[in-house]
Structures are given as C-alpha cells and as structure tokens.
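Notes follow once the structure below has been shown.
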Amino acid sequence: MKGTVMERTDGRFLEWLKSIVPLKDKSVLEIGCGDGSRSAELAERCGILTAIDPDAEKIAHAKKQGITNARFKQGKAEELDFEDSSFDVVIFSLSLHHVPLHGMVRAIKEAIRVVKPDGFVVFLEPGTVGSFFEAEIRFDACDGDERAAKWQAHLAIMGNRRLFLIREFRDEVVFRFDSTADFIDTMQPHTHLEELHEFLLKRKNTLRAERWFGIFLVEKR
C-alpha cells in the first residue's frame with residue numbers, strides 16, 4: 001500500500017508478545033520487515049534486531065530510519081544467511097503467506113535452525129475475517145485474494161512437529177480512509193470500481209482486518 005492519508009490503528013501484537021516472550025537485551029530476527037515500520041517498535045523492545053526482506057527497495061527505505069540497534073539486509077525466508085542458533089527470537093512479520101508455496105515448509109525449518117535452544121519462533125499472519133479482506137477480494141485491491149496462501153501458511157505452521165504452541169491470539173487492525181480517492185491511491189483496486197464508493201460509505205470509510213499470531217517453543221535436535 002502506498003497511500004499517505006489512510007490511517008492504521010494496530011492491534012495489541014507487541015503488547016501481548018512482550019508479556020510472554022522476553023525481548024529485553026535479546027537478539028531478534030524479523031523475517032519480512034518491509035520498509036521497517038514494525039521494526040522500529042521491535043528494536044525499542046529488544047537488544048539487537050536483525051531484519052530481512054526480499055525487496056531491495058524496502059530494505060533501502062528501512063535503513064534510512066536510522067535505528068541504531070537494528071541492521072537490515074536483503075534476504076529470503078527460505079534461505080537464511082545466518083549461522084545455526086544465532087537468535088533468541090525469530091518473528092515472521094506478516095510474511096510466511098508471501099513465501100512461495102513450495103518454500104513455506106523450508107522457511108519454517110530455516111527459522112528453527114537459526115533460533116537458539118529454548119528460543120521462540122513467532123508467527124504474525126493475516127486472518128480471513130474482516131471488511132478489509134472483503135475489499136481486497138471484491139476489488140482486487142492491495143494483495144488481492146490471499147485465502148489459499150494464508151491457509152497453506154497455517155498448515156505449514158501447524159504441521160511442523162518441532163514447533164510447540166504455547167499461546168495464540170486473535171487481534172484486529174483498523175484502517176480508516178479519508179475518502180474513496182484515498183482508498184484508490186492506497187489500495188490500488190482493479191475491479192468493480194463502480195461499487196467502491198457505496199462499499200466504503202456503508203462502512204464509514206473504516207475497514208477491519210483480523211490477525212492471528214502464535215508463539216512457539218522449538219525442539220532443537
């Protein structure tokens with residue numbers, strides 16, 4: 001999304017994460033950092049943050065934030081360029097469902113490889129419930145219809161026998177658009193544009209999106 005008027009109210013992910021996972025003075029790997037918008041908040045709570053994303057332009061933008069205890073580098077989730085047992089915590093930041101289907105299982109194996117014994121692997125993933133996702137699907141906006149990819153990501157997570165779920169939460173993020181034009185600029189819709197204004201009007205230009213996150217301990221062999 002590229003708009004600058006749209007306002008996003010994040011949920012309680014970081015609050016809940018900090019209440020369960022010790023982050024202070026810990027080394028954290030964020031997989032799928034994008035432009036670093038979430039990285040800044042993570043870095044405030046941990047010792048050293050390493051953040052990767054496959055998009056070189058987004059990494060360049062993230063570096064411009066000047067976060068002193070963070071390092072950003074281009075990289076893929078399924079090919080982590082780090083030594084075994086390098087991090088206390090590994091966080092997939094709304095990213096696993098973006099990994100190609102054939103690479104999701106590999107990406108989780110890589111996370112398990114680079115996390116320390118007794119470390120945590122955390123997954124933050126979009127849900128399927130909410131008017132934001134309705135808009136993505138109906139108007140082929142933003143990331144479009146990701147239901148299949150989200151389901152495959154969930155199966156890959158829950159199907160890994162070396163991950164042990166200790167807590168899971170469902171959260172909600174709220175997106176408020178200034179106008180229909182703001183939605184178009186931000187979300188880049190491609191279909192059914194004649195229905196867009198009424199869709200937003202009924203929802204008072206406010207769309208909601210469910211998010212799921214799970215916190216896992218890891219069995220290190």
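Please treat every number below as a calculation from the coordinates, not as lab data. Not measured: the values here are computed from a predicted model. Please note: Cβ atoms are built from the backbone with ideal geometry, for glycine as well, and neighbour counts cover all protein chains shown.
When the scattering of the range 1-53 is computed by the Debye formula from its Cα atoms alone, each counted once and equally, what is log10 I(q)/I(0) at q = 0.13, 0.14 Å⁻¹?
-0.36, -0.42
Between R170 and R138, what is the label-to-label distance in nm when each label sits 7 Å out along the Cα-to-Cβ direction?
2.1
Can you list the residues of the range 79-118 with backbone N under 20 Å from a point 7 Å past the Cα of D145, pointing along Cα to Cβ?
Counting only backbone N, you get 97-102.
Run through all the Cα pairs of the range 40-124 and give the fraction in each 5 Å bin from 0, expressed as whole percent.
Spelled out per bin, shortest first, that is 3, 14, 24, 27, 21, 9, 2, 0.
Can you find, among H192, C33, F164, the residue sitting farthest towards the positive end of the charge dipole of the chain, where Lys and Arg contribute +1 and Asp and Glu -1 at Cβ?
My answer, from the dipole projection, is F164.
Rounded to the nearest 500, what is the 222 nm mean residue ellipticity of the chain from helices alone, with -39500 (n - 2.57) per DSSP H run of 4+ residues and division by all residues?
Result for the chain: -8500 deg cm²/dmol, rounded to the nearest 500.
Just need log10 I(q)/I(0) for the range 112-208 at q = 0.14, 0.19, 0.22 Å⁻¹, Debye formula, equal scatterers on the alpha-carbon atoms, no solvent, rounded to two decimals.
Debye intensities relative to I(0), on a log10 scale: -0.64, -0.91, -1.10.
Fewest Cβ neighbours within 10 Å first, please rank L165, L17 accordingly.
In increasing order of surrounding Cβ atoms, one gets L165, L17.
Can you quote the Å³ per residue value for the convex hull of the Cα atoms in the range 7-218, rounded to an integer?
Output value, Cα hull per residue: 116 Å³.
Compute the relative contact order of the chain as a whole-number percentage, counting only Cα pairs closer than 8 Å that sit 6 or more residues apart in sequence.
After rounding, I find 24 percent.
For the residues I31, I52, I112, what sequence is obtained by ranking on other C-beta atoms within 10 Å, fewest first? Mind showing how you got there, number by number?
Values: I31 29, I52 23, I112 20.
So the ranking, lowest neighbour count to highest, is I112, I52, I31.
Past 27 Å, Cα to Cα, is the threshold; run K73/K116; K24/K109; K18/K63; K76/K204; K58/K220; K64/K202 against it and keep the listed order.
Those over the limit are K76/K204; K58/K220; K64/K202.
Work through the residues other than D145 whose Cβ is under 14 Å from its Cβ and net out their charges, Lys, Arg +1 and Asp, Glu -1.
Its environment carries a net charge of -2.
Would you mind ranking L200, L23 so that the residue whose beta carbon has the fewest other beta carbons within 10 Å leads the list?
Values: L200 19, L23 22.
With the sparsest Cβ surroundings first, the list reads L200, L23.
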